[in-house]
Amino acid sequence: MGKLLSLIVIAGLAYSGLYFYYGASIHQLIEEQVDDLGLGALEVKGVDYSLQAPLSTHANVSADVIYHGAEATLDIRVQGHPVFSDDVQLELGGLQALRLTIGTDK
């Protein structure tokens, strides 16, 4: 029983490491793609993805971005695995939400 519990704990730790590294890789890929498009002022605030995303080569990701005070959430399809493959394609699926800030903060 102790060996099974140890195996479960080790597998959980390994998967959680893969899950967070997947998120960091996606975040970096989106920032690189944005820079390649000449939108250096666009800031990637956060990336959301499902719990099963690191286990497949096709995933849907939501990225929160900020551009000159306007915030948006983008749907992005990931083709390939950013951790285990060099051939990864990001496809913009659509715009979920757009939030504009009117006025100035001082």
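What a 1.4 Å probe finds exposed on the chain is 59% carbon and sulfur by accessible area, rounded to a whole percent. Between the stretch 1-39 and the stretch 64-96, the C-alpha centres lie 16 angstrom from each other. Model label points for Leu92 and Glu32, set 7 angstrom from Cα along the Cα-to-Cβ axis, are 2.0 nm apart. Rg and Dmax over the alpha-carbon atoms of the chain stand at 17.1, 62 Å.
Between Phe20 and Ile8, the simple spin-label model (points 7 angstrom out along Cα→Cβ) gives 2.2 nm. Highest mean packing comes first when the peptides 15-26, 32-43 are listed by Cβ atoms within 10 Å, giving 15-26, 32-43. Between helix 2-36 and the chain there is an angle of about 20 degrees, using the helix long axis and the longest principal axis of the Cα atoms. In the chain, helices alone account for a calculated mean residue ellipticity at 222 nm of -12000 deg cm²/dmol, with every DSSP H run of four or more residues adding -39,500 (n - 2.57).
The values are calculated or read from the model by the stated rules, or taken from the named source; none is laboratory data. Please read all numbers here as calculations on a predicted model, not as lab measurements. Reconstructed Cβ throughout: ideal geometry from the backbone, glycine too, with neighbour counts over all protein chains shown. Keep in mind that these areas ignore ligands, DNA and RNA; they rest on the heavy atoms of the full protein, side chains included. Shrake-Rupley method; radii C 1.70, N 1.55, O 1.52, S 1.80 Å.
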